1. Taking 0.36 nm per residue of sequence separation and subtracting the Cα-Cα distance, how much length would be gained by fully extending the chain between GLN191 and GLN76, in nm to one decimal?
2. With a ≥ b ≥ c the root eigenvalues of the C-alpha gyration tensor of the stretch 54-162, is it rounded (a/c under 1.5), prolate (a/b larger than b/c) or oblate?
3. Along the positive direction of the dipole of the stretch 164-258 (beta-carbon charges: Lys, Arg +1; Asp, Glu -1; about the Cα centre), which of GLN242, ALA179, VAL213 reaches farthest?
4. Below 11 angstrom from the Cβ of LEU84, what's the summed charge of the other residues (Lys, Arg +1; Asp, Glu -1)?
5. Under 26 Å Cα to Cα from LYS114, which lysines show up? Leave out anything in the same chain fewer than 8 places away.
6. Where does each of HIS66, HIS131 land when they are ordered by accessible area, with a 1.4 Å probe and the largest first?
7. Quick check: residue separation of SER133 and TYR251 times 0.36 nm, minus the Cα distance between them. What number comes out in nm?
8. Quick one: Cα centre-to-centre distance for the stretch 203-269 and the stretch 66-94, in angstrom?
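The values are calculated or read from the model by the stated rules, or taken from the named source; none is laboratory data. Remember, it's a predicted structure, so these values are computed and weren't measured experimentally. For neighbour counting, all protein chains shown are included, and Cβ atoms are generated from backbone atoms with ideal geometry for every residue, glycine included. Heavy atoms of the whole protein, side chains included, go into the accessibility calculation; ligands, DNA and RNA do not. Shrake-Rupley method; radii C 1.70, N 1.55, O 1.52, S 1.80 Å.
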Amino acid sequence: MRKYVLSFTLLIALTGVAQAQDKAGSSSEAGLDWSKALKRGDNSSVETLTQQLNYYQKKSVYLSRHSKTLTKKLSQLDLKNKRLVFKVDELRRDSLQLRKILQDALNDNQQLVKSYETRIQGMAGELRALHDSLSDLRLVKRDMDMIKRYFDSALLAKREYTLPVYKVVQALNDTFRKANSPYQIKGGTGQELIVTEDFSLKRPGFLFLKSTVHIQGEYKLSLKPHPFDEGKTLVDCQPSFQRKQGKSLVYDSQYGDKVGTENRLFSYIDQAIYSNDLHANVSSHSLHN
């Protein structure tokens, strides 16, 4: 295979040499013909050749000028090309910078969207918690209303006055300290008052005789604000009775009219509060418990 390639290359080289020799021979023959023509004095041939020579000289001058023009244009195009290349590089750098700016903006936007999604999820959880809290609040309010209705209907104390505690205490102090009061203040604090009452009653004695017994009732009045309305006062009473025996007092377990005695006491208190405040109201709680 290498032998065939070398033979083909040698053949091409010999063909080129032969063509070059033919062109050289033709040129030399043309020169000889032209010189022979000059020697023969062939005027027409000389004129023709002169015209051809002038044409080629003018053509050469034109081509030289045109070459300079083309060279100048080529230089200008080369300069414009360099400027264009610089501009393209500048645009490429701007494009890369813009791409980075857009990518950063896209990343920031995605983070912002994620933060909003997280916030929305948190708000949804807060709304659910708020809804649950409102539901719980409704339940608590319903229970509180039930409890309030229960307390309003229940017997919290022996008396309920639509006056604050300090006004009830003031009215009782003013009443019990009067000279004609059947009750005397024994002691007390801001929300507690102890009063006593002396009275006599008849009890069966020896055979069909009755004996007079002197009793001292001691009433511990407790005053406290209503649990749902501080403008109201609850008054309760704890009575105890002692029998006078000489100069001493002994506990009397036979006294059986505690309800009547309490009713008498609270009737006196009601009148005292009415006389001090005409706007006061007294509840109708029963005292027979």
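1. Full-extension gain reported as 30.0 nm.
2. Taking the square roots of the gyration eigenvalues as a ≥ b ≥ c, the stretch 54-162 is prolate.
3. Farthest along the dipole direction, towards plus: VAL213.
4. In short, +1.
5. LYS100
6. Of HIS66, HIS131, the descending order of accessible area is HIS131, HIS66.
7. Additional length available on full extension: 36.7 nm.
8. A separation of 125 Å, based on Cα centres.
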